[in-house]
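Reviewing the structure listed below.
Just so it is clear, none of the values below were taken in a lab; they were calculated from the coordinates. Treat the numbers as computed from the prediction; the structure is a model and nothing was measured. We place every Cβ from the backbone using ideal geometry, glycine too, and count neighbours over all the protein chains shown.
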Amino acid sequence: MSTEAEADTDVDDVAVRLRAGSRDALEEAWTRWSGLVHTLAVRALGDHHDAEDVTQQVFVAAWRGRHTLDPTRGSVAGWLVGITRHKIADVHAQRARHVRDAEAVAREALPTSHAPPPDERLAQRLLLADALARLGEPRATAIRLALVDELTHEEVARRLDLPLGTVKSHIRRGLLTLRQHLEEVTDDHA
Amino acid sequence: MTTPDPRTHPEDELVLLATGHPVPPEVAAHVDGCSPCTEEVAALREVAGLLHEPPDLVEPPAGLWDKVVAELDRDDREARDERDRDAAPALTVVDTAPSPSPSPGRRVRVGWLVAAAAAGVLVGGLGVRALDGPEPSPATVVLGETSLQTLDTRQALGAASAVRVDDHLDLDVETPALDARGGYLEVWLINRDLKRMVSVGVLRPGDGVQRFAIGQDLIDEGYVIVDISREGYDDKPQHSGDSVARGTLAL
C-alpha cells in the first residue's frame, strides 16, 4: 500500500478513470488498496488461500462492476470494502453450505441471505488509516502524534513548530474529515 | 442551564474531551448543556478510538495482481468472441437444427462424466454455430428468458432461456463470462419453493449457446430458477454450494 500522502482529488481521479474503463486506474487502485482488501479477507476468513481468492475476485468484480462506482458517493476504498464484504460473505456461506444437503443449498444461497458483515470495526479502522494517509500535512502528522502516539496538544505543537491553536484546529478538522470516511463504510453501496 | 451562545462553542477543546484529556470546568459545563457539542464529542471519540491502533496490513502475495490481469484479459477475449458470434441471428426465434444434448439425468455423477467424456458426448456444443447450417429446421420459440447474474454484485455473466423446439422443451444457456477454474460448471434448475433442485447438465464455459433437455413437467412444477454452480471433481454429486450465476426464468 502506498504510504505517501495524496490529495483527495487524486483519489477521486482514480474513481473517475476507473469508471471510464481505465485499466491503469484499476492497477493504481490495486497498488493502493489491495493491502486493505487482503487484510480484511485474511482476518475474516483465517485462511490465506481463501483470502487470496477473495482479493483477486474483489478486483475482478471491481473491474466488471466499475459502472456501479459513483465517485460522488464515496471513496474507492469504501466501495472496495463493500465488494470485499460480499465476497467474504459468499465464502462463509459456501463453507456453511458444504456441510448441508442440496435442498439447503437452494434455500441458503439466495442473494438476500448473506452472512453478517465481517468485523465492522476492522473495516473502519483500515479505511480510516488509509484516509489519514491522504489527509495532507501537517494535519495527518498532527493527528498521528496526538491520537496514536498520545502526545498532548502542547507536545504536538512543539514537535511541529506550530502555534497550539493551529494544531488544535488541524486535529479537530482532520478528525471531522475522517469521520465522513467512516460514514462511507457503513453506507453499503457495493 | 441556559442555551449556550454558539460563539462560545469550545470547538478546539472538544478533541481533548473526546480523547479523555482534562478540560477546563467551563468547557465541560458547556458541552453538558449543548447538544451539537455533545454530538461532536461522540463523533470525535468514535474516530479517535478507531485511529488509536492502526491495524497491521497483510499485503497480498506478489503475483496476485497478475492473476487479476489474466482473468480480465480472458474476459476481454470472451467478449470479442461474443461480438463475433453476435453476427448470427438473435435467440428469440431461430431457425436451426440443434442437437439437444443427451439428458444427463437428474444427478450428475462423476462416473457419468468420465464415461460421457470418454464417449465424446459431453453435453452442449452446437447452438448458434449450427445457424450457419444450410438445412431447414424446426422453429425454436423462446418461452421465457433470464439473465444470469452473480449473487452478490448482480454482474450479468450470461443468459438462459426456456425454448420450445417442436414438442420438446429445452434450456438454452449462454455464459461467455464464466470460468470453471479447474473444475466444471453445472446447470441446475431450482424450484420456486427453494427446497428442491435438479441438475440439468454440465456447461462448457464460453462455448456459445448450449442446449439442455428439460421438459414441461419441470417448469410446471416450478423449477424456474436457473443456477450455474462451479463443481470440483470430488465425487460429490450434490450442488457444491458455489453458485456462480443465477436467474429466474420469466415465463
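Over region B:9-52, what is the mean sequence separation of C-alpha contacts under 8 Å (at least six apart), divided by residue count, expressed as relative contact order in percent?
Details: 29 pairs, mean separation 20.2, N = 44.
Averaging sequence separation for qualifying contacts and normalising by length gives 46 percent for region B:9-52.
Between B:H21 and B:T8, the simple label model (points 7 Å from Cα in the Cβ direction) yields a spacing of 2.3 nm.
For the ranges B:70-83, B:43-56, what's the packing order if you count other beta-carbon atoms within 10 Å of each residue, average per peptide, and put the highest first? Kindly include the intermediate steps, with their values, before the conclusion.
On the way: B:70-83: 13.5, B:43-56: 17.9.
Peptide ranking by packing, descending: B:43-56, B:70-83.
For the peptides A:34-41, B:193-200, residues were scored by their other Cβ atoms within 10 Å and the scores averaged per peptide; the highest-first order is A:34-41, B:193-200. Cα to Cα, under 21 Å, and not fewer than 8 places away if on the same chain: which lysines meet these conditions relative to B:K195? Result set, ordered by chain and number: B:K236.
Subtracting the Cα-Cα distance of B:R196 and B:E59 from their residue separation scaled by 0.36 nm leaves 45.1 nm. Between the C-alpha center of region A:121-161 and that of region B:1-76 there is a gap of 10 Å.
Rounded, prolate or oblate: pick one for region B:9-52, where a ≥ b ≥ c are the square roots of the eigenvalues of its C-alpha gyration tensor, a/c under 1.5 means rounded, and failing that, prolate if a/b is larger than b/c, else oblate.
Numbers: a/c = 2.53, a/b = 1.51, b/c = 1.67.
Oblate is the answer for region B:9-52, as a/c is 1.5 or above yet b/c matches or exceeds a/b.
Is the shape of region B:162-219 best called rounded, prolate or oblate, per the rule: a/c under 1.5 gives rounded, else a/b larger than b/c gives prolate, else oblate, with a ≥ b ≥ c the square roots of the Cα gyration tensor eigenvalues?
oblate
Enumerate the lysines that B:K67 could reach by cross-link, defined here as Cα to Cα under 27 Å, with residues fewer than 8 away along the same chain left out. Reachable lysines: A:K87.
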